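To start, the structure under review is shown below, and the notes come after it.
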Amino acid sequence: MATQFVIDGLKAAIEGKEILKGINLEIKGGEIHAIMGPNGTGKSTLASALMGHPKYEVTEGTAVLNGEDLLEMAVDERARAGLFLAMQYPSEIPGVTNSDFLRSAINARREEGSEISLIKFIRQMEGKMKELEMNPEFAHRYLNEGFSGGEKKRNEILQMTLLDPKIVVLDEIDSGLDIDALKIVSNGVNAMRSEDRGFLIITHYQRLLNYITPDFVHVMMQGRIVKSGGPELAQRLENEGYDWVKEELGIVDETVGQA
Amino acid sequence: MSTQLSTPTDRQSAEALARSKGEPQWLVDLRGEAAELAGTLEWPKPEKIRIDRWNLTAVGNYEQGQAAASVGELPSVVTELVAEGTESLIVQQNSTIAWKQVSAELAAKGVIFTDLETACKEHADLVQPYLFKAIDKGDNKLTALHAALWNGGVFVYVPRNVEVELPLQAILYNNKSEAAFAPHILIVAESNSKVTYVDYVVSEPGTTTEPFVHHSVVEVFVKSGAHVRFGSIHHMADNGVDLTLRRSIIENDGRMEWVIGDLNDGNTLSDTTSHLKGNGSNSDAKVITIGQNDQKMSLTTQAVHFGRSSESDMVTRAVMKDSATAIINGITKIEKGATKANGVQTEKVLMLSPKARGDANPILLIDEDDVKAGHAASVGQVNPEQVYYLMSRGITKQDAERLIIYGFLAPVVSEIPIDAVREQLQRLLERKLEG
Ligand SMILES: Nc1ncnc2c1ncn2[C@@H]1O[C@H](COP(=O)(O)OP(=O)(O)O)[C@@H](O)[C@H]1O
Ligand SMILES: [Mg+2]
């Protein structure tokens, strides 16, 4: 079955404040959607609500991936159903090596008794690390501990490539990356493009979209998608900023949930 | 069975036992004096925990055991710990030595690795100047009692400039509650020598049916420029009480590393102290523990700085389950004159049960101005952000928490230099965390 992901009327709150005010979005396998918008407009909240972060409460709506509502599932079940979120701020986990973590994540998708062999795992991991130009020592470092911003982002992409998800959400994957790293990460994403995988790329710069060409571009303000278009929309935002969108829609303050 | 005396020994019986074992006169005298002191001194009084309420009398009786003809004859609790291909191993069963060997290569270099009772007879010139010199037998009832009654034990002597490549290993186990089990470990590393010693102190499962007390003292002398790594895992049965005091004296530019797993099932008093006597001396201590059931523990790490530019780092990590109690003391003491000393300590407690208690008490005692000192202490639960992150990769909640808890204990596990011991430690942690 071709991948299909439908977000319908999604509302979410944090600490009792409603942040997402009804998100509708459909992503098919093979498509790349970009969500753009200034800081504080609810982009990360969308990503976190989809993944099931414990602080975010979904109050309405569904997010159906190939017939199953992710919002009914626990976080780990969402992941095993095929959702992957490259986080804006990945956690650091002292004492757990990157490779032990990755192997646990791969084996979580396999039946007991058919775990990936150590040799096969190492070969896969090392191969992908090489493609991402990661120093092999990162396999033995503790998960994200002491990684620079850029190293964490590469590590997120490494996980994405090893876990083979159906829907990938990248939250500000470009922040903290220099131009070389940006190219490497973009190549990693482009190599993963396929008919049965959909992408949702969250960014507030157009820069990343020079390397990963989206099929659809959406603008988020005040916890809603306020405008959608093709790649040309991203280009216009890059050239002219967000003010014209605000003017067009009569928005004064684009943020959401701020006192 | 031991009787309910306030002190389970007296001068006469301590001396008689020493004589019956053919111990040299100086040791007979030492034991006699210690037994007398034991009658007058008080038990140690660690912070916030009353060890005098524990059953401290069941120190057992000295029991002459049989030496094994080969390592293979020893019970699996021992054999599964033995480093593959090792040629340097000491095994103590209850009160006496069941196996000992040292590689010919080390012996040829002048390294001594034997049980302490034998060393007192055969190397008195090397033992006597050090025995009970790091820890005074008159410190308290525990030190005195131990001096009177210690048995078996380990003596390590490394001559100047000799580097011992492979770890020296000792396995100290008991399998009978009534038998005295009180090893004393003495390590002397001469100038610019280097050695790693690893022991495992354990009860053979299902054998110690009555309460017992294991009391032990570790003394380490790190001479100038020497480097000693000391690893020790304690895993005795829940009806045992473990009273263990460890102390090292570190000379100029010497380095001491402690890697301790206090993983008993019963009550535990553990004190690991470094005296940074020399200029440029250095000490690093890492301690982990898991508290379970209604176990009570007092765990202290201590660094006392005398030398200029001496440095210490102490880390204790405790995972607390059920209704267990751990009082964790970190004491950094910098004496006047220890200029440019730097002492840091961290105590971290991970609480897995609302009924458990884990107190972290960082204590800095500083009598010199020109120093650095730092401490960090935290008591908390498994971080939900970390659980979320791992779960977002498909890992179940249970596995996510398990990974985080193992990760919390990793600083000690990863430092154990013998594969067999590290693997056994890992199995032990699994049992304790899952059980
Ligand atoms: N952890 C949080 N605690 C409280 N409020 C939050 C938290 N995260 C987000 N918010 C609120 O949600 C709003 C949107 O944040 P976010 O989704 O992170 O925006 P974006 O990713 O678009 O910059 C913020 O302005 C803030 O008011
Ligand atoms: Mg954001």
The range B:11-277 -> Rg/Rh from Cα coords, Kirkwood Rh, value 0.94
Which longest run of chain A has no exposed loop site in it, a site being GluC sites (Glu not before Pro) in a DSSP loop with at most 10 other beta carbons within 10 Å, and the site itself not part of the run? A:113-259
Cut-off 17 Å (backbone N to label point 7 Å along Cα→Cβ of B:ASN293), residues of the range B:405-435: B:428-435
Charge dipole of the protein assembly as shown about the Cα centre (unit charges at C-beta), most positive-ward option of A:GLY40, B:ASN329, B:LEU126: B:LEU126
Please find, in a Gaussian network model of chain B (springs between Cα atoms separated by less than 10 Å), the residue of B:LEU126, B:LEU172, B:LEU243 whose mean-square fluctuation is greatest. B:LEU126
In debye, nearest 20, what is the charge dipole magnitude of the protein assembly as shown about its Cα centre with +1 on Lys and Arg Cβ and -1 on Asp and Glu Cβ, if you could check? 420
Highest GNM mean-square fluctuation, chain B, Cα pairs closer than 10 Å: which of B:LYS333, B:LYS296, B:LYS45? B:LYS45
Point-charge dipole on Cβ atoms (K/R +1, D/E -1) for the range A:140-249, about Cα centre, debye to 20: 220
Cross-link list B:LYS100/B:LYS333; B:LYS109/B:LYS336; A:LYS17/A:LYS227: which exceed 31 angstrom alpha carbon to alpha carbon? B:LYS100/B:LYS333; B:LYS109/B:LYS336
For chain A, what does -39500 (n - 2.57) per DSSP helix run (n ≥ 4), summed and divided by total residues, give at 222 nm, in deg cm²/dmol to the nearest 500? -10000 deg cm²/dmol
Could you tell me which of A:ALA234, A:ALA108, A:ALA13 has its Cα farthest along the dipole of chain A towards the positive end, charges placed at Cβ (Lys, Arg +1; Asp, Glu -1), taken about the Cα centre? A:ALA108
Likely footprinting exposure, A:ARG80, A:ARG141, fewest C-beta neighbours within 10 Å first: A:ARG141, A:ARG80
Counting DSSP beta bridges with both partners in the protein assembly as shown, what percentage is antiparallel, nearest 5? 20
Excluding A:LEU143 itself, calculate the net charge of residues whose Cβ lies under 9 Å from the Cβ of A:LEU143, where each Lys or Arg counts +1 and each Asp or Glu counts -1. -2
Test of understanding: given chain B, find the longest segment containing no GluC sites (Glu not before Pro) that are in a DSSP loop and have at most 10 other Cβ atoms within 10 Å. B:166-435
Go ahead and set up a Gaussian network model of chain A, Cα springs under 10 Å, then flag whichever of A:ILE212, A:ILE19, A:ILE35 fluctuates most. A:ILE212
Taking θ as phi - 60°, what are the ³J(HN,Hα) couplings along the range B:301-311 by the Karplus curve (6.51, -1.76, 1.60), each to the nearest whole Hz, with x for Gly and Pro? 10, 9, 10, 10, 9, 10, x, 5, 6, 7, 10
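Taken together, the values in this text are just the output of simple stated rules run on the coordinates, not laboratory data. Treat the numbers as computed from the prediction; the structure is a model and nothing was measured. FYI the Cβ positions are ideal-geometry reconstructions off the backbone, even for glycines, and counts take in every protein chain you see.
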